[in-house]
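Just so it is clear, none of the values below were taken in a lab; they were calculated from the coordinates. Since this is a predicted model, take the numbers as computed values, not measurements. We place every Cβ from the backbone using ideal geometry, glycine too, and count neighbours over all the protein chains shown.
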Amino acid sequence: MSHEVDREGPGHGADREGPSHEVDREEATIMDYRGSIPVWRHLRYRHRRLIRRSILYVGIAFVTLLILLPVLWMLTSAVRPVGDVITRNPSLVPSTVTVEHFADLFFDSRFPIYLRNTVIVTAGVVLLSTTCATLGGYGLTRIDVPYKRTFARGVLFTYMFPPILLAIPMYILWSNIGMINTHLGLILAITARVLPFSLWLMWKFFLNVPYSLEESAQMAGATRFQAFKDIALPIAKPGIIAVAILAFAFAWGDYTMALVLMTDLDMFVITTGIEASFFAGGQIDWGLVLAGCAVALIPPLLFVYFLQKYYVHGMSAGGAP
Amino acid sequence: MIDVETVMPISRARRDRLYEFLSQRRMMIGFTVLPVVLLFTLILAFPILWAVAASFHDIHAFDPEWHWVGLENYVHYLFDDRVFWHSLWLSASFAAVSVAIHVVVGTAVALLLNHTFPFKKFVSAVLFLPFLIPTAILGFGITYMMNSTFGIVNWTLVDLGIMETTRGWFGNPDTALYVVAAVNSWKFYALVTIMVYARLQSIPSEHYETAKIMGANAWERFRDITLPNLKGVLFLVVLLDTIWMFFKFDIIWILTGEGPSYSTRISVIYAYQVAFQRTALGDAAAISVLLFVIVGAGALTYFYVLEPAEEVRAE
């Protein structure tokens with residue numbers, strides 16, 4: 001019933017006591033309808049569409065600006081002269097563009113060391129976790145290993161184990177075996193954060209790749225390994241890219257693990273390094289902070305522009321750096 | 001009979017033998033599943049078990065000796081430590097406010113994105129961007145932009161007439177935690193948006209067309225088609241998001257630390273302080289295990305009460 005109320009057809013919901021009903025029902029037209037029509041329905045389709053569209057556009061523009069402006073503000077502030085960085089009434093577009101903060105950052109601060117550490121650790125995490133997740137995901141879907149379901153559930157369960165709570169036992173363990181302040185120690189720690197989800201993602205991905213493709217390759221004479229290498233891997237490429245981006249995002253932006261496991265200033269990564277070097281002693285060097293942030297923002301900006309579909313695919317299954 | 005060696009170059013024959021060798025079941029397991037299992041044991045299972053063992057000891061960072069204290073650490077935090085219970089309450093408030101913002105804003109944005117409009121590729125790139133931005137970098141940027149003397153946020157709000165004067169956003173003990181939650185939502189709403197958006201795209205448009213022909217209005221189409229389809233993904237996202245936000249550390253630590261009059265000392269920050277400022281590692285391990293048990297119990301209850309069904313299956 002409720003579906004019919006709003007229709008413009010004659011007769012429905014009309015006031016039965018109204019005079020219009022003396023008109024023969026067979027000849028009734030829309031003009032005879034005396035029921036209450038919502039204001040919205042009085043508008044022409046064109047106008048209704050216009051209003052609907054403008055609400056949509058305003059909403060989208062609002063959210064987009066809310067996300068875009070802070071990022072733009074951080075990026076543009078990094079190229080403002082010192083006096084403009086902490087001014088009360090800055091212009092939206094910087095009046096003078098300067099690279100002095102970047103010059104200071106790269107030639108006159110410890111930032112290059114932090115950047116080097118971050119790059120090493122990120123490369124390690126991406127390689128280790130992507131390789132293991134791809135191979136493991138394949139093995140768990142294609143080979144009948146005992147207890148594999150229990151294992152997969154266990155892996156997923158550890159995904160809920162939060163980084164800081166994982167960092168504390170790792171600190172205890174790593175300090176016992178001398179892995180504090182090593183790249184390998186941090187690589188393993190971040191991989192522990194990335195691996196559960198990447199493995200799950202690759203597992204689901206290989207489930208959607210039909211095994212019959214590999215079987216027919218094997219019928220045609222390929223060995224099982226060749227079927228894996230030449231059939232399954234190429235098809236899994238989008239999944240592998242998604243997992244790699246995810247690993248990159250975790251490793252590049254890691255703060256918690258590095259804060260706990262890297263205690264020597266020469267082993268800090270960009271996030272902890274910016275905080276340790278430029279926020280120190282109550283005197284915050286905003287130019288350097290913003291320049292450092294701008295450098296850290298480059299990969300996310302590139303990824304979201306060039307690899308959006310892979311990244312969205314990975315995230316839509318629930319990955320969070 | 002043709003001699004294989006004359007037809008095939010030797011290197012190729014050797015390669016084929018290698019492939020055959022690798023194709024044995026044992027070898028396939030060896031190079032696919034085994035690395036993951038080993039890595040998992042080394043970096044996840046072992047540290048977690050290590051933490052459980054440590055929680056029964058008194059350990060200090062610079063003293064290699066572990067002193068067995070049995071359940072003492074647990075008893076202390078469960079019954080004698082009001083700070084711990086208060087920090088739990090703060091964690092729960094932070095998680096509740098965060099998840100509420102994420103779900104409402106995230107779903108709304110996903111519904112907006114599900115329309116067609118100009119520059120869609122650019123807009124969706126922008127809307128998904130925050131999720132890739134490192135949380136620490138967001139923290140530094142916000143510290144800059146929300147500064148009480150020169151921050152752009154303050155002055156914009158003053159110029160627009162929304163506020164009388166600038167304010168220190170993170171200095172008020174009553175609101176600091178929620179301001180942090182709001183800032184954090186700038187990034188994490190995107191988790192909900194991405195997951196909901198992916199689900200929305202998989203709803204066949206015929207469903208909407210049919211409903212339209214049958215006379216359903218926009219609200220009825222939303223209520224009877226969109227919402228039931230989103231139920232599963234929302235159950236899942238609420239579960240994951242609650243767990244993550246309950247354990248959120250980095251953004252709070254960067255923006256407020258323990259906060260004005262300890263108002264943002266949520267339980268993971270408390271655990272961190274116990275571990276690295278009081279250097280009582282055994283105590284910190286006990287807090288970690290307690291937190292994990294509490295949240296694990298909550299998650300299991302959620303699972304069995306609401307049964308988010310097939311969306312959450314591991315395979």
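Return the pair list, or none, for Cβ contacts closer than 6 Å from residues in segment A:299-312 that are within 7 Å of another protein chain (Cβ to nearest Cβ) to residues that are of a type in the set (K, R), at least 6 apart or on different chains.
Final answer for the pair search is none.
So, A:V194, is that one of a type outside the set (S, T, Y) and assigned to a loop (DSSP other than H, G, I, E, B) or not?
No, not satisfied.
Taking A:G136 and the conditions (1) at the interface with another protein chain (Cβ under 7 Å from one of its Cβ atoms); (2) without any contact (Cβ under 8 Å) to a residue 12 or more places away in the chain, which numbered condition does it fall short on, given that it satisfies the others?
Against the list (1) at the interface with another protein chain (Cβ under 7 Å from one of its Cβ atoms); (2) without any contact (Cβ under 8 Å) to a residue 12 or more places away in the chain, A:G136 comes up short only on (2).
Restricting attention to segment B:276-289, which residues are more than 18 Å from B:H86 (Cα to Cα) and crowded, with 24+ Cβ neighbours inside 10 Å?
Selection gives B:L281, B:G282, B:A285.
So which of A:V126, A:V121, A:V145 ends up being over 22 Å from B:V37 (Cβ atoms) and β-branched (V, I, T)?
Exactly one of A:V126, A:V121, A:V145 is over 22 Å from B:V37 (Cβ atoms) and β-branched (V, I, T), namely A:V121.
A quick yes/no check of all residues on (1) part of a helix (DSSP H, G or I); (2) surrounded by fewer than 24 Cβ atoms within 10 Å (Cβ to Cβ); (3) more than 11 Å from every other protein chain (Cβ to nearest Cβ); (4) at positive phi:
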site: A:W174; (1), (2), (3), (4): yes, yes, no, no
site: A:M202; (1), (2), (3), (4): yes, no, no, no
site: A:S212; (1), (2), (3), (4): yes, yes, yes, no
site: A:P234; (1), (2), (3), (4): yes, yes, yes, no
site: A:I240; (1), (2), (3), (4): yes, yes, yes, no
site: A:D254; (1), (2), (3), (4): no, no, no, no
site: A:A276; (1), (2), (3), (4): yes, yes, yes, no
site: A:L288; (1), (2), (3), (4): yes, yes, no, no
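When the residues of segment B:126-145 are filtered to those that are in contact with a Lys or Arg (Cβ under 8 Å, 6 or more places away or on another chain) and of a type in the set (A, V, I, L, M), which remaining residue is nearest to the other protein chains (Cβ to nearest Cβ)?
Filtering segment B:126-145 for residues that are in contact with a Lys or Arg (Cβ under 8 Å, 6 or more places away or on another chain) and of a type in the set (A, V, I, L, M), the one nearest to the other protein chains (Cβ to nearest Cβ) comes out as B:I133.
Tell me whether segment B:217-235 contains one or more residues that are more than 10 Å from chain A (Cβ to nearest Cβ), within 16 Å of the chain's Cα centre (by Cα) and not hydroxyl-bearing (S, T, Y).
Looking through segment B:217-235, at least one residue is more than 10 Å from chain A (Cβ to nearest Cβ), within 16 Å of the chain's Cα centre (by Cα) and not hydroxyl-bearing (S, T, Y).
Would you mind listing the helices (runs of 4 or more DSSP H) fully within segment B:53-150 where at least 2 residues are over 18 Å from the mean Cα position of the chain (by Cα) and among the hydrophobic types (A, V, I, L, M, F, W, C)?
B:82-113, B:120-128, B:135-145
Specify the residue that is nearest to the other protein chains (Cβ to nearest Cβ); the eligible residues are those in segment A:262-274 that are in a helix (DSSP H, G or I) and crowded, with 20+ Cβ neighbours inside 10 Å.
Per the criteria, the residue is A:T271.
Looking for whichever is touching a helix residue (DSSP H, G or I) at 6+ places or on another chain (Cβ under 7 Å) and within 20 Å of B:L200 (Cα to Cα) here; the options are B:F119, B:F128. Which one fits?
The unique qualifying residue is B:F128.
Somewhere in segment A:112-126, is a residue free of Cβ contacts under 8 Å to residues at least 24 places away in the same chain, in a loop (DSSP other than H, G, I, E, B) and out of contact with any strand residue (DSSP E or B) (no Cβ under 8 Å at 6 or more places or on another chain)?
Looking for residues that are free of Cβ contacts under 8 Å to residues at least 24 places away in the same chain, in a loop (DSSP other than H, G, I, E, B) and out of contact with any strand residue (DSSP E or B) (no Cβ under 8 Å at 6 or more places or on another chain), one finds none in segment A:112-126, hence no.
Spot the failing condition for B:Q273; the list is (1) out of contact with any strand residue (DSSP E or B) (no Cβ under 7 Å at 6 or more places or on another chain); (2) within 10 Å of another protein chain (Cβ to nearest Cβ), and only one is missed.
B:Q273 satisfies all of (1) out of contact with any strand residue (DSSP E or B) (no Cβ under 7 Å at 6 or more places or on another chain); (2) within 10 Å of another protein chain (Cβ to nearest Cβ) except (2).
Here are some residues: B:L90, B:L78. Which one is among the aliphatic types (A, V, I, L, M), more than 7 Å from every other protein chain (Cβ to nearest Cβ) and surrounded by 17 or more Cβ atoms within 10 Å (Cβ to Cβ)?
Criteria check complete, one pass: B:L90.
Any residue in segment B:99-115 that is away from chain A (no Cβ under 14 Å) and either exposed (fewer than 13 other Cβ atoms within 10 Å of the Cβ) or of a type in the set (D, E) (or both)?
no
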